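One structure is given here, and the rest of the page talks about it.
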């Protein structure tokens, strides 16, 4: 796989070696199943669009029928996954192996991303997240701090993503 | 580039979306005649003015919703749920 | 007599202590930091610097801004060469190389200036009337060589080495234009508490006011300080090039020539746009008004004030507008000799400077000097008074044209101001306000619309007058406008396209209004009655690579890698783009060609066992109580009858009945399906499923989750496929005797969850092992190691295509197109029995769909059993082409397993013509082939169960 640890201008880019990604799918009738599953991992309610709740696992809203759980280890998500079993109106789909997770850090984080993503699509405040278009691929952005953010993309797009991050990084003024 | 108001994700650049064309078209029954079916498939009103159409936020939440857009000025005067009826237009 | 650099300290924008060397037309010259290429050239006395497009007339710098129609040069060399660029818009830098465009062999002795002598044969629209017989294409190469305005960079000089940046932002207030009106608007908006960005196209703020003397420049500096204090962000050398929907604005910033970024594209979403774009000066219409030395009056003033350049030793003002008088004062103050003011009008309140005669109600009727102005003949409108004046610069002031380009792009309409003879914005638009000169707020007094010399004056000249030019860049003369009127191309849209006025790179900034006024005069209409055409982006020419930004090389489009990519590289995989995925086409060994490798692999797989990575195959989890029902609605076939663990091949059609994807659907549980799509088609299938679920079948309780990237796919196929898997520790429950073809098993293999599907696209015993993507490499590597003595071979897409063609299996998008229905490919059995409705069902009942003479997929074998039928070769009814198309070849490969070529083709009524000999045509070849039933190889499908 392409080298995923580098500096894009003054922004450091590091691959997160293990990030568990589980999609909690649910039909509208079983919103409570979703909440139960989240509570099983310490998150009190379902996140609203753009909102990130919890800390390892982190829960992000993806669509009216999907919440994404992110965690550093499956220990933090297993209970939620287990709670989704037993109804045919909800399911948990493990997407871990398909996701490339990068941590971007630096003062010029926004300068970098605004060269790749439309300004309306960038999550600005810590604790917010968006699904957005980066040039020609769809990515998830999770803002943890003003200068730290996670970028999730499909693994097959790694080369393309890294190429663009480096290109945008080279355009940053020091 | 237009800006589309996704009901969930807020205002986003139009290139995050896929436009599905005219919305609220009634599908004829399986036993309709060929002319009716042909009109359903291929004929559209193409109005100069307010046009109710459906959009999908493909690069975002993936949801479909309805938009009423003026085909001349691109002004959007309504964004509503995919199964909702179009709200009444301003006089 | 010619232009020269003014002595002393004149030139507010140049730095006389910093000299810069540049080269023009092979001559080594010098200028100052702060000069534009145009000001530096004028300072060296270069009056004749270019030749016009069509007539190759000598031309000089005309303006001091982006509206420049004459001074277009090739800048730079090698990979950075930019043709056809305005000298007025280029900041001088050390080492700049410029060449005039459109001249051969040289500026002075341009052979094509001969065109000028045939001007009468080259009026507007000449190309519609000439060069037609015997055939346009015979003249085209010569005309293409003669036309054009320079050369693009030579492809052999390599890629553009420059870097282009882009930036997205949203801002509350954007002020376009940093003149006084713009700066005041920015200040006001900032004081109202808004976030304000001001962009200015020139390298410094000030606009027109900057050239109005020291006091004016002090005022500008004060204003600039104020806006900075108020928190306004200011960007210079940044030109807004387009206004788009919903207040989207694109601007191009030109950066330091020596910096790492050449240009930056700003993409902005704006709440409130303030247009303060100023106005362009309108030229005067008189014979030979295109000679080097004829310049816009405001430009002559600007060159003196800002660049310390006198555009001539002796300057004449030709005016129809009061602003000319201000220019005359400026020039005199700068020590430039002002010969006279020729005023088209009979009276004005404006005062000429001391000692400068004013000739009222008069016009220039003749210009002396071909390669440079040397003098003029002026005659009064009544033809009675005549002056011969020696001058080397004619500064024209015919009025002003608000720069409404951006306003027009936003859909704004214009109104004609009778008094000042200009088109100005009608009103502000939602989210857009127009201020200053751009809004037509100009205090310029009365300006006549038509400023041509009278016919009395022209006849008093006593000789045929020269051409009156309206559009300089495209060489459009008043006579061309007259021709358009005469030939009834009277509408402004026809006027534009017939004469090409306004269609050059300057978009008519200094010609549109004059042409409209002229057309009006010729057809008894007022200018608003003639109307205006719509302006479109870009406002000024934009470097294509600035729009492209980083979209070059590998960044142009996403090219996905498979999880097992490195393993394929180690095996010598020859990668190509297949449906947006980088995949091995084959694994050539020992100097094999791609085709040889594919043939070897296709043969070997059928002898032993092959390894293939099918990870790009689309994978979708379809889950829910109504999943089965839903799939019945989506597919042509029936999926609800699948037992748990069963799998079925399915075809997807759109509402028009046309096949758009195919794949295997497997049932993992009553409410859980594993859906495969083609490798390039998963997005469109998911889009279709979601559209139906969200918009139409809203009560269906189904969840659709694409998982293509999460799962890898290792495909093991061939007679020894099971033998290899057994070696790798897979349980006997997967053995061909125990696990039926077209079934799926959820298993745990060495601690890893896998979904094994027994399926086959090549007709051999096959296992598609779906596993967590990160495990793909280790599994395929392990099977490779274990399979050596079994004769395991990696095979690529080409070999797969050979094998599937041998079996007559179709490739959606290869064997099918935008008209192919299920019946055409023999997939309509069972439709009649299917009770459930499905997408596109109604379309299959149309008469055209039921027509027996439709194209149908058949097999073809060349009669000589040697000649490979070219894909795309057509079958034409006897006696052969030209004739109606009977069919065409869709897939074709030599078959290493059969020893002869095999092909698939669409043929009218194909299935009824088995055994028939048909002729396939390709270029000049005619190849006979026999229509056969497929599969060609293993027709009974016995190989599916393998052998020990």
For residue C:569 and residue B:5, extending 7 Å from Cα along the Cα-Cβ vector and measuring point to point gives, in nm, a value of 4.9
Rg(Cα)/(2.2 N^0.38 Å) for segment C:556-661, N = residue count = 1.44
Between the Cα axis of helix C:323-333 and the main Cα principal axis of chain C, the angle (0 to 90°, nearest 10) is 70
Counting other chain Cβ atoms within 10 Å of each Cβ in C:166-177 and taking the mean gives 3
At q = 0.09, 0.16, 0.21 1/Å the base-10 log of I(q)/I(0) from the Debye formula over the alpha-carbon atoms of segment C:669-806 is -0.33, -0.93, -1.40
Kirkwood Rh over Cα pairs of segment C:25-70 into Stokes-Einstein at 20 °C, 1.002 mPa s: D in µm²/s?
-> 185
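R0 = 45 Å: FRET efficiency of residue C:18 with residue C:871, Cβ-based, nearest 0.05?
Plugging the Cβ-Cβ distance into 1/(1 + (r/R0)^6) gives 0.10.
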Can you pull the three principal axis extents for the Cα set of chain A, in Å, largest first?
-> 53, 31, 25
All-pairs alpha carbon distance profile, segment C:336-418, 5 Å steps from 0, percent = 3, 11, 19, 18, 15, 9, 9, 9, 5, 1
May I ask for the angle, rounded to the nearest 10°, between helix C:180-191 and the longest principal axis of chain C, with both axes built from Cα atoms and the value confined to 0 to 90°?
-> 60
Divide, for segment C:793-899, the radius of gyration over alpha carbons by 2.2 N^0.38 Å, where N is the residue count.
-> 1.28
Taking the Cα atoms of segment C:1-111, report the difference between the largest and smallest coordinate on each principal axis, in whole Å and largest first.
-> 41, 35, 25
Rounded to a whole number of µm²/s, how large is the Stokes-Einstein D of chain C at 37 °C and 0.692 mPa s, given Rh as the Kirkwood radius over C-alpha pairs?
-> 98
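Average projected area of the Cα convex hull of segment C:202-252, in nm²?
Numbers: hull surface 17.4 nm².
Projected over every direction and averaged, the Cα hull of segment C:202-252 covers 4.3 nm².
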Give the whole-number value, in cubic angstrom per residue, of the convex hull volume spanned by the C-alpha atoms of the protein assembly as shown.
-> 209
Share of pairwise Cα separations in segment C:833-948, more than 20 Å, in percent = 50
Taking segment C:514-604, the equivalent ellipsoid from its C-alpha gyration tensor has semi-axes in Å, biggest first, of 62, 16, 10
Average partner coverage of C:771-779, which counts Cβ from other chains inside 10 Å = 2
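Taking 2.2 N^0.38 Å as the expected size of a compact globular protein, what ratio does the Cα radius of gyration of segment C:205-340 give against it, to two decimals?
The value comes to 1.31.
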Give me the Kirkwood hydrodynamic radius of segment C:730-787, using the inverse of the mean 1/r over all pairs of distinct Cα atoms, in Å to one decimal.
-> 12.1
Could you grab the Rg to Rh ratio for segment C:487-546? Cα atoms only, Kirkwood for Rh.
-> 1.05
Distance in nm between label sites at residue C:698 and residue A:36, each 7 Å beyond Cα in the beta-carbon direction?
-> 2.8
Under a point spin-label approximation (7 Å from Cα along Cα-to-Cβ), what is the residue A:29-residue B:33 distance to one decimal in nm?
-> 4.2
Inter-part gap, Cα centre of segment C:566-617 to Cα centre of segment A:1-59, in whole angstrom, is 38
quick shape note, segment C:240-283: Cα extents on principal axes in Å, largest first -> 35, 32, 13
Kindly express, to the nearest 10 degrees and within the range 0 to 90, the angle between helix C:682-691's C-alpha long axis and the longest C-alpha principal axis of chain C.
-> 90
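Over the whole of C:546-554, what's the average partner chain Cβ count within 10 Å per residue? Rounded to a whole number, please.
Partner Cβ neighbours, averaged per residue: 3.
What does the helix-only formula give at 222 nm for the protein assembly as shown: each DSSP H stretch with n ≥ 4 adding -39500 (n - 2.57), the total divided by the residues, and the result rounded to the nearest 500 deg cm²/dmol?
-5500 deg cm²/dmol
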Compute log10 of I(q)/I(0) for segment C:788-842 with the Debye formula, placing one identical point scatterer on every Cα and leaving out solvent, at q = 0.13, 0.15, 0.17 Å⁻¹, to two decimals.
-> -0.54, -0.64, -0.73
With r defined as the distance between the Cβ atoms of residue C:831 and residue C:77 and R0 fixed at 51 Å, what FRET efficiency is calculated, to the nearest 0.05?
-> 0.15
Please find the FRET efficiency linking residue C:916 to residue C:940, where r is the Cβ-Cβ separation and R0 is fixed at 22 Å, and quote it to the nearest 0.05.
-> 0.35
Cut-off 19 Å, label 7 Å out along Cα→Cβ of residue C:256, residues of segment C:74-90 by amide N | C:90
Just how far, in whole angstrom, is segment B:1-76 from segment C:313-354 if you go by their alpha carbon centroids?
-> 60
Rounded to whole angstrom, the alpha-carbon centroid of segment C:487-516 lies from that of segment C:920-948 at a distance of 62
Volume of the Cα convex hull of segment C:361-460, divided per residue and given in Å³ = 135
With Rg from the Cα atoms and Rh as the Kirkwood inverse mean 1/r over Cα pairs, segment A:71-155 has an Rg/Rh of 1.05
Sort all Cα-Cα distances of chain B into consecutive 10 angstrom bins from zero, then give the percent of pairs in each bin up to the one containing the longest distance.
-> 16, 44, 30, 10, 1
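Bear in mind that the values in this text are calculations on the coordinates, not laboratory data. Given the structure is predicted, the values throughout are model-derived calculations rather than measurements. Glycine gets a Cβ as well: all are built from the backbone with ideal geometry, and neighbour counts include every protein chain shown.
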